[in-house]
Amino acid sequence: MLDQGYACENTYINYFPSYTAPGHTGIYTGSVPAVHGIVGNDWYQRAQKSLVYCTKDTSVRSVGGDSAVGQQSPHRLLTTTICDELRLSNNFRSKTIGIAIKDRGGILPAGHSANAAYWYDGVTGKWISSTYYMKSLPAYINAFNDKKTVDTYIKNNWNTLLKISEYWESTEDDKWYESSYANEDKPVFEHMLSKVKQSPYELIKATPFGNSMTFDFAKSVIKGDTMGRRGVTDFITVSCSSTDYVGHMFGPNSIEVEDSYIRLDRDIESFLNYLDETVGKGNYLVFLSADHGAAHAVGFNQEHHLPGEVLFEKKLEAEADSVLAFRFERKGLVLKVINQQIVLNHDLIHASKFELHDVKEFLIEHFSNAPGIQRVIDLEEVQQTTLTDWQRECLNNHYLPGRSGDVQLVFKPATLDDFQKGTTHGTNYAYDTHIPLLFYGWGVKPGKNYNKNYMMDIAPTIAALLKIQEPNGCVGKVIKGLLKE
Ligand SMILES: [Zn+2]
């Protein structure tokens with residue numbers, strides 16, 4: 001893809017927070033949380049007075065399993081995706097299918113009018129869907145599930161693909177700041193997956209074999225649904241969730257992550273070869289990007305005298321509520337700290353005849369000098385606050401009243417939420433927001449650019465290549481350099 005495709009070397013995510021659900025949505029809608037509505041994986045939804053999960057939908061049932069894992073749909077997504085636009089462009093003759101281990105990674109890209117989205121049920125080890133899309137799974141998917149490929153992957157354990165001495169891009173294997181699998185003594189190779197006391201169906205998610213299994217499944221969907229060979233353009237979205245799970249456990253500089261990407265590279269090679277054989281070289285267009293990056297593990301940073309620390313949103317939540325209770329003599333003014341934002345109890349504030357502004361001001365003052373916190377910002381006064389253009393852009397692109405919090409806690413660089421071992425993501429610093437972007441195949445002129453491109457530019461560029469309308473909430477621009485004239 002690097003040699004024969006087009007690389008956008010400087011592609012960024014320009015909104016808070018850089019989490020999975022807003023990332024998958026941003027790529028396929030060409031839009032930002034303020035417009036597409038997916039402001040986090042979870043958020044506090046004011047109209048419902050409750051925390052909600054982005055794709056949870058209790059009005060639908062699981063298809064292919066009976067657990068609640070299947071109760072999912074795109075009903076909270078406010079805009080169309082590029083897949084919806086492809087379907088709209090030809091009176092729904094195109095087939096669009098979304099696939100990922102994570103439900104949100106399959107559902108949000110495929111959009112509202114998708115023929116199907118499939119995700120992985122860690123309880124049963126099966127790929128499932130919901131009644132939003134279908135009444136029962138196609139026979140070929142039941143046949144795929146019956147093969148139980150997970151068992152084979154886990155039985156073979158996880159050793160490095162190459163000789164361990166060849167992993168010169170990572171730290172030595174045994175580090176205290178890496179997590180281990182359940183009942184494993186040390187976070188080192190060979191990881192004896194077959195001996196880990198956890199269901200293999202759940203365990204596979206946090207190994208590189210979760211990605212391999214995802215591509216096995218994607219190939220079976222392309223074959224079973226004859227995608228790309230029906231005389232009309234079809235769209236399959238494939239998200240590799242396991243790189244995220246492995247990254248969270250071991251951190252970006254681990255041998256585990258290096259090995260996972262070497263394996264992912266080979267899985268992609270095998271997938272492209274499969275497309276060459278079935279659809280034919282030159283007859284398909286591929287793009288590759290990421291929903292976010294990740295910070296280095298805090299222990300790794302400390303080892304190398306680099307700044308970085310850990311905060312806990314749960315502790316910040318308790319602290320915010322208790323300092324407000326002391327100042328205003330009222331408990332429960334804070335509903336939640338989530339997505340690096342403090343969500344205030346507007347009903348209680350109004351009932352108590354407090355001014356929302358006073359409550360926010362007090363919190364801003366209180367947290368401004370707290371460890372790990374760079375800035376504390378009233379999200380309704382982003383325009384009146386001294387901020388860099390980048391911070392202002394990211395905050396504006398996030399804010400959606402009804403789904404966002406009231407006060408933003410901007411962490412210091414390399415400050416992580418919760419992960420003392422391993423790592424996480426979610427900030428707007430470069431390690432979280434500088435993402436890969438490659439295009440390859442049909443309609444793509446090989447080359448590269450170093451301009452500042454954004455995640456939001458992907459969907460309108462695909463729309464330009466396909467000569468269809470961009471998604472309805474799109475705010476990105478076409479990356480012209482890659483278009484074959
Ligand atoms: Zn993650």
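Can you name the residue in segment 10-38 that is more than 16 Å from the ligand (Cβ to nearest atom) and among the β-branched types (Val, Ile, Thr) and, of all such residues, is nearest to residue 71 (Cα to Cα)?
Step by step, filter segment 10-38, then rank; the result is 29.
Among 238, 246, which is the only one that is assigned to a strand (DSSP E or B), on the phi < 0 side of the Ramachandran plot and of a type in the set (Val, Ile, Thr)? Before you say what the answer is, go through the steps one by one.
On the way: 246 fails: assigned to a strand (DSSP E or B).
Going through 238, 246 in turn, the sole match is 238.
Considering only residues of segment 243-256 that are surrounded by fewer than 24 Cβ atoms within 10 Å (Cβ to Cβ) and among the polar types (S, T, N, Q), which is nearest to residue 295 (Cα to Cα)?
Ranking the qualifying residues of segment 243-256, first place goes to 253.
Pairs needed: first member in segment 240-256, within 19 Å of residue 163 (Cα to Cα); second member anywhere, within 12 Å of the ligand (Cβ to nearest atom) and part of a helix (DSSP H, G or I); C-beta distance under 7 Å; at least 6 residues apart or different chains.
256/246
Counting only residues that are in contact (Cβ under 8 Å) with a residue 40 or more places away in the chain and touching a Ser or Thr at 6+ places or on another chain (Cβ under 9 Å), which one in segment 320-340 is surrounded by the fewest Cβ atoms within 10 Å (Cβ to Cβ)? Before you say what the answer is, go through the steps one by one.
The initial filter retains those residues of segment 320-340 that are in contact (Cβ under 8 Å) with a residue 40 or more places away in the chain, namely 320, 323, 335-340.
If we keep only those that are touching a Ser or Thr at 6+ places or on another chain (Cβ under 9 Å) as well, we get 339-340.
On the way: 339: 26, 340: 24.
The residue in question is 340.
Which residue is farthest from the ligand (Cβ to nearest atom), if the candidates are limited to segment 224-258 and must be farther than 20 Å from residue 178 by Cβ and under 18 Å from the mean Cα position of the chain (by Cα)?
Initially, segment 224-258 is screened for residues farther than 20 Å from residue 178 by Cβ, giving 224-240.
Within this subset, residues satisfying the condition of being under 18 Å from the mean Cα position of the chain (by Cα) are 236-240.
Details: 236: 23, 237: 18, 238: 17, 239: 12, 240: 12 Å.
Taking the candidates together, the pick is 236.
State yes or no: is residue 426 within 16 Å of the ligand (Cβ to nearest atom), surrounded by 15 or more Cβ atoms within 10 Å (Cβ to Cβ) and of a type in the set (Gly, Ala, Ser)? Walk me through how you get there before you give the answer.
Working: within 16 Å of the ligand (Cβ to nearest atom): yes; surrounded by 15 or more Cβ atoms within 10 Å (Cβ to Cβ): yes; of a type in the set (Gly, Ala, Ser): yes.
It is true that residue 426 is within 16 Å of the ligand (Cβ to nearest atom), surrounded by 15 or more Cβ atoms within 10 Å (Cβ to Cβ) and of a type in the set (Gly, Ala, Ser).
Based on this model, can you work out whether residue 205 counts as among the basic types (Lys, Arg), part of a loop (DSSP other than H, G, I, E, B) and modelled with pLDDT of 95 or more? Outline the logic, then answer.
Numbers: among the basic types (Lys, Arg): yes; part of a loop (DSSP other than H, G, I, E, B): no; modelled with pLDDT of 95 or more: yes.
When the stated conditions are applied, residue 205 does not pass them.
Give me a count of the residues in segment 225-239 that are out of contact with any Cys (no Cβ under 6 Å at 6 or more places or on another chain), touching a residue at least 60 places away in the same chain (Cβ under 8 Å) and not basic (Lys, Arg).
Residues flagged as out of contact with any Cys (no Cβ under 6 Å at 6 or more places or on another chain), touching a residue at least 60 places away in the same chain (Cβ under 8 Å) and not basic (Lys, Arg) within segment 225-239 amount to 9.
Can you find even one residue in segment 299-314 that is surrounded by 18 or more Cβ atoms within 10 Å (Cβ to Cβ) and more than 30 Å from residue 186 (Cβ to Cβ)?
Within segment 299-314, none of the residues are surrounded by 18 or more Cβ atoms within 10 Å (Cβ to Cβ) and more than 30 Å from residue 186 (Cβ to Cβ).
Restricting attention to segment 417-474, which residues are touching an Asp or Glu at 6+ places or on another chain (Cβ under 9 Å) and among the charged types (D, E, K, R)?
417, 418, 421, 445, 448, 470
Could you list, in sequence order, the residues of segment 451-485 that are over 22 Å from the mean Cα position of the chain (by Cα), over 24 Å from residue 432 (Cβ atoms) and outside any helix (DSSP H, G or I)?
467, 468, 469, 478, 483, 484, 485 - these are the residues of segment 451-485 that are over 22 Å from the mean Cα position of the chain (by Cα), over 24 Å from residue 432 (Cβ atoms) and outside any helix (DSSP H, G or I).
Tell me the residue from 260, 194, 179 that is outside any helix (DSSP H, G or I) and either over 23 Å from residue 82 (Cα atoms) or among the aliphatic types (A, V, I, L, M) (or both), please.
Details: 260 fails: outside any helix (DSSP H, G or I); 194 fails: outside any helix (DSSP H, G or I).
Going through 260, 194, 179 in turn, just one is outside any helix (DSSP H, G or I) and either over 23 Å from residue 82 (Cα atoms) or among the aliphatic types (A, V, I, L, M) (or both): 179.
Looking only at segment 282-297, decide whether some residue is within 25 Å of residue 411 (Cβ to Cβ), assigned to a helix (DSSP H, G or I) and within 16 Å of the ligand (Cβ to nearest atom). Spell out how you get there, then give the answer.
Of all residues in segment 282-297, those within 25 Å of residue 411 (Cβ to Cβ) come to 289-297.
Cutting the leftovers down to assigned to a helix (DSSP H, G or I) gives us none.
Checking segment 282-297: not a single residue is within 25 Å of residue 411 (Cβ to Cβ), assigned to a helix (DSSP H, G or I) and within 16 Å of the ligand (Cβ to nearest atom).
Between residues in segment 140-161 that are loosely packed, with under 12 Cβ neighbours inside 10 Å and residues that are polar (S, T, N, Q), which pairs lie under 6 Å by C-beta distance while being six or more apart or on different chains?
Every condition considered, the pairs that remain are 155/194.
Do we have residue 421 as more than 16 Å from the ligand (Cβ to nearest atom) and surrounded by fewer than 20 Cβ atoms within 10 Å (Cβ to Cβ) here? Spell out how you get there, then give the answer.
On the way: more than 16 Å from the ligand (Cβ to nearest atom): no; surrounded by fewer than 20 Cβ atoms within 10 Å (Cβ to Cβ): yes.
For residue 421, the condition - more than 16 Å from the ligand (Cβ to nearest atom) and surrounded by fewer than 20 Cβ atoms within 10 Å (Cβ to Cβ) - is not met.
Of these, 387, 363, which one is within 23 Å of residue 33 (Cβ to Cβ), more than 21 Å from the chain's Cα centre (by Cα) and part of a helix (DSSP H, G or I)?
Numbers: 387 fails: part of a helix (DSSP H, G or I).
Result: 363 is the single residue among 387, 363 that is within 23 Å of residue 33 (Cβ to Cβ), more than 21 Å from the chain's Cα centre (by Cα) and part of a helix (DSSP H, G or I).
Anything in segment 268-281 that is in a helix (DSSP H, G or I) and either buried (at least 20 other Cβ atoms within 10 Å of the Cβ) or of a type in the set (A, V, I, L, M) (or both)? List them, or say none. Steps first, answer last, please.
Looking only at segment 268-281, we keep the residues that are in a helix (DSSP H, G or I), and these are 268-278.
Matches in segment 268-281: 268, 272, 275.
Being surrounded by 22 or more Cβ atoms within 10 Å (Cβ to Cβ), over 30 Å from residue 427 (Cα atoms) and in contact (Cβ under 8 Å) with a residue 40 or more places away in the chain: is that true of residue 137 here? Outline the logic, then answer.
Values: surrounded by 22 or more Cβ atoms within 10 Å (Cβ to Cβ): no; over 30 Å from residue 427 (Cα atoms): yes; in contact (Cβ under 8 Å) with a residue 40 or more places away in the chain: yes.
Spelling it out, it is not the case that residue 137 is surrounded by 22 or more Cβ atoms within 10 Å (Cβ to Cβ), over 30 Å from residue 427 (Cα atoms) and in contact (Cβ under 8 Å) with a residue 40 or more places away in the chain.
The values are calculated or read from the model by the stated rules, or taken from the named source; none is laboratory data. Remember, it's a predicted structure, so these values are computed and weren't measured experimentally. Positions of Cβ are generated from backbone atoms using ideal geometry, with glycine treated the same way; all protein chains shown enter the neighbour counts.
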